[in-house]
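Take a look at the structure set out below.
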Amino acid sequence: MTLSETGEPGTLALLPSTQSALPQTHARVTVRRVPRLIPLFTTLAGFGLLANTLGYLREIALASSYGSSAITDAFFGAAFIPNTLYLIIAAGAGAAVLVPVLVQYREQSDAQARELALTLLNLTTLVLVLLTVALTVTSSLWIRLFFPGFAPSTSRLSVELAYILNPTVIFLSVSAVLAGVLNAFGRFGAVAIAPCVGNIVTVVAVFLSVSWGGIRGAAVGVAAGALVQLAVMSWVAFSKAVPYKAQLRLRHPGLGAFAGMAAPTVAYLAVAYASVVAERIFASGFNAGALSTLSYAMRLFVLPASIVAGSIATVLHTEFSVLASRGEMQELSETFRRGVDLAVLALIPVSIGALVFSRAVVALAYGYGKFSSENVETTAATFAAYSLGIIPLAVGAICQRLFYALRVPRMLLLIEGANLVFYLIAAPVLGRLFSLPGLALARSCSFLLIGSLSFAVALRKLSSAYHFTSFLSQLARCVIAAVPTTVLWMTLAALLHRLEPGAVQWERLFVLASAGVLGSTLYLFVARAVRCREADNAIKEIVSGFFEAAGRIRPVKPLAS
């Protein structure tokens with residue numbers, strides 16, 4: 001994806017060091033003072049939406065073909081440890097940690113930055129191969145350890161699927177390292193496009209698995225999609241940013257800086273995902289299909305969080321890193337303020353919509369084939385409970401990138417340690433009271449704790465006039481702006497509830513799409529009226545984008561008679 005380099009005052013953009021694909025001379029990493037935060041964010045968010053939509057097609061295929069059953073429990077159980085390891089490694093050695101270090105070296109020399117990137121890439125790949133071999137050899141052990149509630153047949157199937165899915169740790173983790181390299185060199189396109197291509201391969205394979213291979217064929221499709229994603233990312237990285245060389249310079253001074261950030265980050269992520277492991281262990285103790293239900297609901301919840309919060313954090317991360325390395329704390333504080341304000345503005349209606357339309361969204365996303373009405377109700381309640389944590393999760397994600405830029409990842413470890421203690425107490429209690437939705441509610445409460453602590457620490461780290469009262473003011477204004485939209489959506493939700501189940505998916509889609517467009521438009525204009533920050537910029541960019549797109553539509557010339 002090519003990002004626009006022009007914009008309005010008060011927005012952000014990172015310029016590549018030169019216009020050539022492989023600049024040979026040193027060029028200073030530039031931060032524009034006339035940036036375009038919202039256009040850049042919406043571009044990345046658009047590709048994020050596409051990637052997640054394709055990912056949902058995979059989930060829809062699984063849900064319609066196998067429902068919430070012991071078979072899907074085995075699939076999600078087999079995928080859980082590889083996915084968790086990938087997420088820990090991706091965040092510990094990927095863009096979040098790698099970008100600040102590479103940006104610092106790019107300030108000195110692009111050649112030094114490339115040498116460090118290749119060393120880290122080769123070293124990470126070697127470690128991942130050894131880790132994957134160990135993971136595969138011990139598959140039966142960790143399946144029994146983490147999912148003690150599985151029936152023997154479910155455990156055996158899960159082990160078989162783990163043998164197929166374990167190589168995805170290599171494919172996806174190396175892709176994450178390459179994503180950090182590309183972001184540091186101002187190449188955001190492949191990072192956004194590669195997951196889309198990989199998901200297309202996965203979706204096709206999962207649909208075909210119904211006739212060929214069953215759930216094992218679906219696992220092969222997931223592994224193949226991850227491999228294709230790595231291939232796309234590698235081709236772009238090695239041709240546009242860092243030409244590949246088989247080098248391993250273990251004495252590179254950048255390795256020390258990287259290890260100094262990566263070690264506490266990996267420790268923090270290990271603690272963070274301990275609560276996720278606990279959640280899956282608790283879920284495996286419920287009825288058959290509970291683990292699948294939790295995974296389906298979490299997938300829906302992740303959509304707005306990854307598209308909005310993830311895109312904002314991605315856009316701001318390099319900016320944070322550059323400003324922090326230069327000691328420009330006032331500008332860093334203002335950038336942080338704008339990111340949080342934009343996240344709150346965008347996610348208030350998303351959170352309300354997820355709560356109001358939870359049943360309709362689940363019925364539209366998964367209500368096919370073997371996914372029963374009982375599955376829909378349970379998944380909808382779990383999804384609604386998760387949705388309460390959307391805004392705290394977004395604020396926490398932006399604060400996380402700030403801590404990486406400020407080189408204080410140990411703070412994240414302390415926050416996650418407190419959260420783990422809280423979750424291990426809250427999850428069993430709420431799980432007993434409310435079953436699976438109770439586990440999701442405990443997770444939302446943990447997001448609130450993490451977001452609150454992270455935000456408080458971030459304000460202490462920044463020397464600015466942006467205080468907690470300013471955040472509360474933006475939050476309150478956005479909530480007020482959402483009141484008319486909430487009333488409209490509740491009316492439409494009642495209409496959806498009266499629709500006959502079964503053969504009305506297109507009607508549901510039409511009502512949901514109409515509700516989204518009308519409600520969002522109403523919300524933005526009310527937000528502008530009550531002076532929500534960033535509302536003016538959002539409206540201007542949407543209108544500008546609409547007319548720009550309309551201007552590209554050329555009338556078709558009539559055929560000559």
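Computed from the coordinates by the stated procedures, all read-outs in this text should not be read as laboratory data. Everything quoted here is computed from the prediction, not taken from an experiment. Don't worry about glycine lacking a Cβ; one is built from the backbone with ideal geometry, like all the others, and counts go over all protein chains shown.
With both labels modelled 7 Å from their Cα along Cα-to-Cβ, the residue 483 to residue 239 distance reads 5.6 nm.
Projected over all directions and averaged, the alpha-carbon convex hull of region 95-153 occupies 5.7 nm². Straight-line reach from residue 370: taking Cα to Cα under 17 Å and skipping same-chain neighbours fewer than 8 places apart, the aspartates and glutamates in range are 59, 73. Each peptide in 311-323, 62-74 gets a packing score, the mean of other Cβ atoms within 10 Å over its residues, and the list from highest to lowest is 311-323, 62-74.
Here the extension length gained between residue 142 and residue 231 equals 29.1 nm, from 0.36 nm per residue of separation less the Cα-Cα distance.
Taking amide hydrogens as placed 1.01 Å from N in the peptide plane, the amide H of residue 328 sits under 5 Å from that of no residue at least 5 positions away in sequence or on another chain.
Shown for 341, 536: other C-beta atoms within 10 Å of each C-beta, ranked fewest to most, produce the order 536, 341.
Where Rh denotes the Kirkwood radius from the mean inverse Cα pair distance, what is Rg over Rh for region 293-433?
Working: Rg = 18.0 Å, Rh = 16.9 Å.
Checking Rg against Rh, the ratio lands at 1.06.
Electrostatic tally near residue 411: other residues with Cβ closer than 15 Å to its Cβ, Lys and Arg +1, Asp and Glu -1, net +4.
The peptide list 403-415, 235-247, 374-386, put in order of mean Cβ contacts within 10 Å with the highest first, becomes 374-386, 403-415, 235-247. Other residues with beta-carbon under 13 Å from the beta-carbon of residue 99 carry, at +1 per Lys or Arg and -1 per Asp or Glu, a net charge of +2.
Of all the Cα-Cα pairs you can form in region 14-544, what percent are over 44 Å apart? Before the final figure, lay out each step's value.
Numbers: 17685 of 140715 pairs.
Value for region 14-544: 13 percent of Cα pairs lie more than 44 Å apart.
The local environment of residue 163, defined by Cβ-Cβ distances under 12 Å, has a net charge of +1 under the rule Lys, Arg +1 and Asp, Glu -1.
Note on residue 461: aspartates and glutamates with a C-alpha under 16 Å away, same-chain residues under 8 apart excluded, are 328, 331, 334. Excluding same-chain neighbours fewer than eight residues apart, the aspartates and glutamates reachable from residue 240 by a Cα-Cα span under 18 Å are 110, 115.
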